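The next block holds one structure in the form of structure tokens; read it before the comments.
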Amino acid sequence: MNFFRQVDIDWMGKAKYFFGLSLVLLLIGGASWVLKGGLRYGIDFKGGTLVYVRFAQAPPIDQIRSGLAGQGLGESSIQRISDIANPNANEVVIGLEQKGQGGEALDAGKAAILKALHATFGAGEASKPDWNAVGAPALVEYLVRRDPLALGPTAGDRYTQLARRLTDFRDKDRNGLVTNFDELKKVEGVGDSVIATLRDAYSLGNFAIRNVEIVGPKVGAQLRRQAIFVTLYALAGMLVYIAFRFEWVYGAAAVLAVFHDVLITLGFFSLLNFDISLTVIAALLTLVGYSMNDTIVIFDRIRENNRLMRREPFSIIVNRSINQTLSRTILTSGLTFLTVLVLFLMGGQVLRSFSFALVVGIVVGTYSSFGIAAPLVVAWNHWRGQGAAAGSGSAAGNKTRTGEAASRGLAAAGRR
């Protein structure tokens, strides 16, 4: 499918504008890094505790922050979880960087966050445990002891199944938060006697802990080093492949362009205060492969045209190659961009950083293929004095064409 026919855009004539735009983006991102003291790493890399909390109503962020500060946790991060698909999620994730060493410090961080939440919002009646926090084993024990269905002492299996259905309903259907015991009547086998028994023993708070994630600092530092090495290994492998497949200058230009893409993407992360997590590293590696593939397509067309247009200046060949692949670039990059944009808008908080990296990376990666990588190859050929010839092997090509012209001249003179 061709969106354009007979395109004649002088891409190399606009190379200085591409380089200028990239320089501005890199400087802005670098300034953000310096002013903010570096990138903002997630708990995956720096170690600490993440507590996912769901509220019955819209979470009061200011009240949560003041409650945490009152418990000496003023440095905690609070981020609301919301997306287009589920705008009423009423969830927040509270992150606390680890203070101290060892598993005891991690457990202390979790306990401190829970203590602050309970002190701020309470947990129902103080004399009763919170139903939204009770586990299935404790519930089974309580139901067997009270026997609300009058099944007798041998009904342990029946109550085990009932407890599993109750907790599944709470955790899956109600996302971990039941606000009224009457909601449990929708569970198979639950009648008024079971509801009354549960109401006697448990209370209902206005929030529930959905999940707790704990990462140690040593693991986080190791993951950070491995992420850097993996990215560098990927770039080195691509450099070797392209140098073997084309020429080393093509490989160097492609790797510099991809490195440029990663730096600009990280700059946007710094500007917009997105955390760098393991999923973001996966997105960056995806970006490296995607951008490199688009660059290779253009380089391959340059190599083909280099053989067909020997007499043309190398910059003309590069322009022609980019114009010939323009429809393909718009089709593939455009469709991929729409996909990741939908993922960013509707994929939820868990995938927000991952999809944001892809949204930015696809735009920057597509632009760098024709705006950075190709001009670098042209600049190299121009520096070597081959700007008026067709790229690699052009000097030899010139000698061959000169010899052919001399032979034709001699033949013509002989005929005369």
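Just so you know, all these numbers are worked out from the coordinates, no wet-lab data involved. Values in this document were obtained by computation on a predicted structure and should not be read as measured data. For neighbour counting, all protein chains shown are included, and Cβ atoms are generated from backbone atoms with ideal geometry for every residue, glycine included.
Structure values in brief
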{"item": "Charge dipole of the range 210-280 about the Cα centre (unit charges at C-beta), most positive-ward option of SER270, VAL230, TRP248", "result": "VAL230"}
{"item": "Segment LEU308-ASN273, extension gain: residue separation times 0.36 nm, minus the distance between their alpha carbons", "result": "7.7 nm"}
{"item": "Pairs from LYS36/LYS172; LYS110/LYS185; LYS46/LYS115 whose Cα-Cα separation, in the structure shown, is over 28 Å", "result": "LYS36/LYS172; LYS110/LYS185"}
{"item": "Residue-span extension gain [VAL297 to ARG165] - 0.36 nm each, minus C-alpha spacing", "result": "42.0 nm"}
{"item": "Dipole in debye (nearest 20) - the range 135-205, about Cα centre, beta carbon charges: Lys, Arg +1; Asp, Glu -1", "result": "60"}
